[in-house]
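Notes to accompany the following structure.
The values are calculated or read from the model by the stated rules, or taken from the named source; none is laboratory data. Since the model is a prediction, treat every value here as computed from it, not as a measurement. All Cβ positions, even for glycine, are placed from backbone atoms using ideal geometry, and neighbour counts span all protein chains on display.
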Amino acid sequence: MAAQILIVEDEPAIQDLITVNLMHAGHSVRCASDAELAHQMLKDWMPDLLLLDWMLPGITGLEFTRLLRSEARTRDVPIILLSARDAERDKIAGLEVGADDYITKPFSARELLARVAVILRRRIPQVSAGVVRAGDLVLDPSARTVFCNGRKVSLGSTEFRLLHFLITHMDRVYSRSQLIHHVWGADFDGNDRTVDVHISRLRNALEPGGMSCLIRTVRGSGYSLTLIG
């Protein structure tokens, strides 16, 4: 399961080692050397998972986890704490402030990838192969049909994939770059404007059935499919 992962680690050798292994496993990776930089990055980009070192300069990983859990935008982002602290009380402290898992240094690449896979399976919504619904909007991937209040909707292949992704990840806001990664793929060489064009086409297609308002623009963040009311 490919994911976008933010590594917050101030030791270059460890940062490089984690990056290489995650990218080899097919994940997209960004890095920050301290919590302040990571917090700035999270203002306009939301990863599927954070790998966060405890002993960071300035704000520690423990303090940063507490901060992220206090903010609505980052409250649910999965976090794995990395630390050389192996005492039980330290692991409990990390979990109590909101970390989803705790990995003790030194760790093997196999352990890291296994822990990452578990968290992603648990926290990232799965794209269904069956019929999915959002109120009176019904999408059938196998038949490649969409019905909006009983009215059949004609969509291009890209709009269909985009709607499928949004409806199977309801209420979560995705940035343009995240949508490109998940819908168009990592090899896509277009720009963010492409997403806006296809969102507009999708809304126009849903308009006759009165469902275009489900596609919500979140200013400064991206797009979300949300049931109204």
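The residue of the range 70-82 that is surrounded by the most Cβ atoms within 10 Å (Cβ to Cβ), among those that are free of Cβ contacts under 8 Å to residues at least 60 places away in the same chain and over 21 Å from His169 (Cα atoms), is Leu81. Quick check, is Ile92 part of a strand (DSSP E or B) and not assigned by TED's automatic domain parsing to the domain that holds Val183? Criteria not met by Ile92. Note on the range 3-13: residues that are out of contact with any strand residue (DSSP E or B) (no Cβ under 7 Å at 6 or more places or on another chain) and touching a residue at least 40 places away in the same chain (Cβ under 8 Å) amount to 1.
One residue stands out among those in the range 133-147 that are loosely packed, with under 15 Cβ neighbours inside 10 Å and of a type outside the set (D, E, K, R): the one that is farthest from Leu162 (Cα to Cα), which is Gly135. The condition of being in contact with a Pro (Cβ under 6 Å, 6 or more places away or on another chain) and modelled with pLDDT of 95 or more holds for only one of Leu6, Leu50, that being Leu6.
If you go through the range 80-115 and pick out every residue that is among the polar types (S, T, N, Q) and in contact with a Ser or Thr (Cβ under 6 Å, 6 or more places away or on another chain), you end up with 0. Residues in the range 18-40 that are out of contact with any Phe, Trp or Tyr (no Cβ under 8 Å at 6 or more places or on another chain) and surrounded by fewer than 16 Cβ atoms within 10 Å (Cβ to Cβ) were compared, and the one that is farthest from Leu179 (Cα to Cα) is Glu36. Residues in the range 88-103 that are in contact with a helix residue (DSSP H, G or I) (Cβ under 8 Å, 6 or more places away or on another chain) and under 17 Å from Leu50 (Cα atoms): Gly94, Val97, Gly98, Ala99, Asp100, Asp101, Tyr102, Ile103.
When the range 92-113 is limited to residues that are surrounded by 14 or more Cβ atoms within 10 Å (Cβ to Cβ) and small (Gly, Ala, Ser), the one that is modelled with the highest pLDDT turns out to be Ala109. Summed over the range 150-175, the residues that are of a type in the set (S, T, N, Q) and crowded, with 20+ Cβ neighbours inside 10 Å give a count of 0. Inclusion of Arg85 among residues that are surrounded by 11 or more Cβ atoms within 10 Å (Cβ to Cβ), of a type in the set (Lys, Arg) and under 30 Å from Leu206 (Cβ atoms) is not warranted. In the range 120-127, the condition of being at pLDDT 90 or above and surrounded by 12 or more Cβ atoms within 10 Å (Cβ to Cβ) is met by no residue.
Taking every residue in the range 19-37 that is in contact (Cβ under 8 Å) with a residue 24 or more places away in the chain and under 16 Å from Met55 (Cβ atoms) and pairing it with any residue that is of a type in the set (Gly, Ala, Ser) and part of a helix (DSSP H, G or I), at least 6 positions away or on another chain, the pairs with Cβ-Cβ distances below 8 Å are Ala32/Ala38; Ala35/Gly61.
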